[in-house]
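This report refers to the structure that appears directly beneath it.
The values are calculated or read from the model by the stated rules, or taken from the named source; none is laboratory data. In this text the structure is predicted, and so the values were computed from the model without any measurement. Counting neighbours? That spans all protein chains shown, and the Cβs are built from the backbone with ideal geometry, glycine included. Calculation scope for accessible area: heavy atoms of the full protein, side chains included, ligands and nucleic acids excluded. Shrake-Rupley method; radii C 1.70, N 1.55, O 1.52, S 1.80 Å.
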Amino acid sequence: MKATGQDDTGAVLRIAGRFRVGGRPTAAVELRAGHINDSYVVSTASGSRYLLQRINGYVFPNPAQVMENIVRITRHLKRRLGPGSGRRRLTLVPVANGEMWFETTAPDRRAGWWRMYELIEDTTTVLRASTPEQVFLAAQAFGRFETQLIDLPPPPLHETIPGFHDTLNRFETFDRALATASASAAGNARRRQADAEIRSVAAHRELAGRLSVGAAHKLPRRTVHNDCKISNILFDRETGEALCVVDLDTTMPGLAACDFGDMVRSMGHRAEEDAHETDGARVDLELFAALAQGYLDGARYLTATERRSLVDGALELTLEQAVRFLTDHLDGDVYFRVERTGQNLDRCRVQLALLESLLARDTDLRRIVGGSTT
Ligand code: GN1
Ligand code: MG
């Protein structure tokens, strides 16, 4: 955590004060966690703490829909998990007027859509997988999360980012980024830096077309999390238990195979997402097996067809994420937050190295997940 930089603390505290917090907001510390939204931990005079977030309007074109989804999801989980479940689910804090978010149009960096959650105390997050036990628990928690949303009353949630896991479409966006980059000196420099990755992604393009996992397996659409990385789980600081699934911005209709794929790309290996060296970026079969076991235990609703699609989901999502990072590198890092130049390219390399290893161990992966090898 670091002290607020982009927004001055006073402005953030004033925004926090518009929510129904216990006590006067006295401190705000920026949390450089996700790549998308701005997040602050806000403390009040009475000792309560909250997570205040500004939704990234570039990434989410319709923040109202994001928030409508989250209101429905959090209410449903509260009903479903029952009394005493406060640390196992997110709780939104309303604004003074009873709404769950508000928009400021201040002509500075504070402009945007703001929301607040109660902070779940005594938890930790991790950026990379360490033990099979930890991975089992995280995957089980994501599986349970999907199971809990199976009976979310209709209508389906809004698609907050249309075509989010449409890998073929992600390739088309990549083509456009490549063409645009070629038209400027700065773009050409980024393109040259990424020469090997551009060729690698192109070499795997056929894979996206072949898998296109939903169509290939005729899969049912479920309510899924869509961003199942290990850092989106809060672990209990004392017990290590996977307490709560966070980051509900992309929870919407989608495929279980995509959630599984995101888990494999983020916790089926031991590399950090943006590691400069790709040595650790290869599938670790012990972690993968723990992940598959945990997820299958949490997501018992899966049909045999869905189960058979999981490894294809892992291949497709790893490739898709490589393409997304590479596209953003070519675009000049406008989507995923970076702390250094070349970070998106490093992130892409990690995904590509992992993809090679997944392809090399394909038979093992299918044996571990079970169901079928075809
Ligand atoms: C983004 O919100 P955050 O930082 O956890 C991204 C995911 C990517 C992930 C890669 C809305 O997630 O799709 O998989 O980065 N979220 C969005 O780490 O694009
Ligand atoms: Mg996210």
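Here Tyr295, Tyr301 are screened, and the one residue that is among the hydroxyl-bearing types (Ser, Thr, Tyr), touching a Phe, Trp or Tyr at 6+ places or on another chain (Cβ under 8 Å) and assigned by TED's automatic domain parsing to the domain that holds Leu365 is Tyr295. In the set Arg54, Arg72, only one residue is within 26 Å of Lys229 (Cα to Cα), part of a strand (DSSP E or B) and among the charged types (D, E, K, R); that residue is Arg54.
When each of Ser266, Ser231 is tested for being surrounded by fewer than 20 Cβ atoms within 10 Å (Cβ to Cβ), within 16 Å of ligand 2 (Cβ to nearest atom) and either in the same structural domain as Gln148 (by TED's automatic domain parsing) or in contact (Cβ under 8 Å) with a residue 40 or more places away in the chain (or both), the lone residue that passes is Ser231. Residue pairs whose Cβ atoms lie under 7 Å apart, separated by 6 or more positions or on different chains, with the first residue in segment 22-37 and over 16 Å from Asp247 (Cα atoms) and hydroxyl-bearing (Ser, Thr, Tyr) and the second more than 16 Å from ligand 2 (Cβ to nearest atom) and outside any strand (DSSP E or B), are Thr26/Ala45. If the requirement is being farther than 26 Å from Pro156 by Cβ and without any contact (Cβ under 8 Å) to a residue 24 or more places away in the chain, which of these qualifies: Asp274, Asp195, Asp236? Going through Asp274, Asp195, Asp236 in turn, the sole match is Asp195.
Mind telling me which of the residues Thr363, Thr318, Thr303 ends up being without any contact (Cβ under 8 Å) to a residue 12 or more places away in the chain and on the phi < 0 side of the Ramachandran plot? From the options Thr363, Thr318, Thr303, the qualifying one is Thr363. Only residues that are away from ligand 2 (no atom under 16 Å from the Cβ), farther than 16 Å from Val93 by Cα, outside any strand (DSSP E or B) and open to solvent by 30 Å² or more (accessible area, probe 1.4 Å) were counted in segment 11-45, giving 1.
Inside segment 100-128, residues that are modelled with pLDDT of 95 or more, out of contact with any helix residue (DSSP H, G or I) (no Cβ under 9 Å at 6 or more places or on another chain) and surrounded by fewer than 16 Cβ atoms within 10 Å (Cβ to Cβ) make up a count of 1.
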